[in-house]
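J.: Structure incoming, see below.
None of the figures in this text is laboratory data; all of them are computed from the coordinates on show. The structure presented is a predicted model; accordingly, all values stated were derived computationally and were not measured. Here the Cβ is made from the backbone with ideal geometry for all residues, glycine too, and neighbour counts use every protein chain on show.
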Amino acid sequence: MLGVDDVAEMRYLVDRILAGSLTREDWSTLAALLMINEAGRDGCAAIEADGLDAFIRVSQPIYQGHAFAYDDFARIYDRVCAHARI
């Protein structure tokens, strides 16, 4: 579940994207927040336990239209892992 600050950040990112932002940073951060919200703490812990390589292998086909690079997947993974440890 997202905290109040996470929800505020998500709203900010959605507004930026709706205004035309195409940055991979905005999109990958939003993807991380959506994943955290969907997966919950247990799901985030499972993602962390599988490791970054497994995360990228599973996530690449899902996000292929976003042109994410390694750094973007690492950003998502790091954010998800940080949530798992809260």
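J.: Hey, what number do you get for the chain at 222 nm if only DSSP H runs of n ≥ 4 count, each worth -39500 (n - 2.57), divided across all residues, to the nearest 500? Mind dumping the intermediate values first?
T.: Working: 4 runs with 68 residues, N = 86.
Theoretical 222 nm ellipticity from helices: -26500 deg cm²/dmol.
J.: If neighbour count is taken as other Cβ atoms inside 10 Å, put 77, 70, 12, 63 in order from fewest to most.
T.: 70, 12, 63, 77
J.: Here is a follow-up. Please order 22, 13 by the number of other Cβ within 10 Å, starting at the fewest.
T.: Least crowded to most crowded, the residues run 22, 13.
J.: Taking Cα pairs under 8 Å and at least six residues apart, what relative contact order does region 4-84 come out at, in percent?
T.: It rounds to 41 percent for region 4-84.
J.: What does the net charge come to around residue 59 if you take all other residues with beta carbon closer than 15 Å to its beta carbon, with K and R at +1 and D and E at -1?
T.: Taking every other residue near residue 59 into account, the sum is -3.
J.: Additional query: Just to check I understand the Karplus step: with θ = phi - 60° and J = 6.51 cos²θ - 1.76 cosθ + 1.60, what whole-Hz values come out for region 11-28, glycine and proline as x?
T.: 4, 4, 5, 4, 4, 4, 5, 5, 7, x, 4, 10, 5, 5, 5, 4, 5, 6
J.: Quick check for me: using +1 on Lys/Arg Cβ and -1 on Asp/Glu Cβ, what's the dipole size of region 4-84 about its Cα centre, in debye to the nearest 20?
T.: Value, rounded to 20: 180 debye.
J.: For region 50-55, in order, what is each residue's ³J(HN,Hα) by Karplus, 6.51 cos²θ - 1.76 cosθ + 1.60 with θ = phi - 60°, in whole Hz (x at glycine and Pro)?
T.: Each residue's phi maps through the Karplus curve to give 6, x, 5, 4, 5, 4 Hz.
J.: Right, something else. Order by neighbour count: 80, 7, fewest other Cβ atoms within 10 Å first, most last.
T.: By the 10 Å Cβ count, ascending, the order reads 7, 80.
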